[in-house]
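Reviewing the structure listed below.
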Amino acid sequence: MVPYIIAGATYAFAAAVQPGPFQAFLVARTVTQGWRSTLPASLAPLISDGPIILLVVLVLSRIPDSATQVLRLGGGLFLLYLAAGACRAWRTYRLELASDARAARRTVIAAAFVNLLNPNPYLSWSLVLGPLLLKGWSESPERALALLVGFYTTMVATLAGLIVLFGRAGSLGPHVGRLLVGLSAVALAVFGSYQLWAGTRALLGN
């Protein structure tokens, strides 16, 4: 069981710290709403990955690649929508941070939606984690469970640490916070545009 825990933890850490649309979303929310309101977003993979795992293991491997590209297009559009919101927050940035329970709930839902439309988890589960999960299950259910525990424990802990780190950076002052919001808006726009470009290019067969 230990090798499966180590494999899951190692891959989770690498995925959590790698720059991507989900991380850009966390930066934007942390510097505008504060780390306390954003911290529950570290649980978003626990909400979104269940359908992703089922889809990859049972369905995604049996359907045309065009389905993944359509998903990429949808994710790109949603990321551009988030980029527009971050841009508006940059233009009207104030140091006051929302920390009420409703803001936290909205952040968790939005974060789960970002992850659900992000192609990276689908690729990870279809190319790496899915086969390893099935291999572990064929050996014993406990080994498959060990992989999941190692992966999600490390993922949640690492994301929580990043959110606190972003929050500390944002607390250095309004100029730093506004700069981070602007950078996150650019990052979201870049990721969204890339997903639209990659999805369109793949669907057109170029």
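The values are calculated or read from the model by the stated rules, or taken from the named source; none is laboratory data. Please read all numbers here as calculations on a predicted model, not as lab measurements. Because the Cβ atoms are built from the backbone with ideal geometry, glycine has one as well, and the counts that use them run over all protein chains shown.
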Members of region 43-80 that are buried (at least 22 other Cβ atoms within 10 Å of the Cβ), modelled with pLDDT under 75 and among the charged types (D, E, K, R):
Arg72
Sole exception among (1) closer than 16 Å to Ser48 by Cβ; (2) free of Cβ contacts under 8 Å to residues at least 40 places away in the same chain for Glu139, by number
(1)
Positions within region 2-42 being surrounded by fewer than 17 Cβ atoms within 10 Å (Cβ to Cβ), aliphatic (A, V, I, L, M) and in contact (Cβ under 8 Å) with a residue 60 or more places away in the chain, in sequence order:
Val2, Ile6, Val17
Can you name the helices (runs of 4 or more DSSP H) wholly within region 98-185 that have at least 3 residues being among the aromatic types (Phe, Trp, Tyr) and at pLDDT 75 or above?
141-170
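Can you tell me which residues in region 28-53 are under 12 Å from the mean Cα position of the chain (by Cα) and farther than 19 Å from Ala89 by Cβ? Steps first, please.
If we filter region 28-53 for residues that are under 12 Å from the mean Cα position of the chain (by Cα), which is where we start, we get 41-49.
Across region 28-53, the qualifying residues are Ser42, Leu43, Ala44, Pro45, Leu46, Ile47, Ser48, Asp49.
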All-but-one check, Ile5 against (1) of a type outside the set (S, T, N, Q); (2) farther than 16 Å from Ala160 by Cβ; (3) modelled with pLDDT under 80, failing number (3)
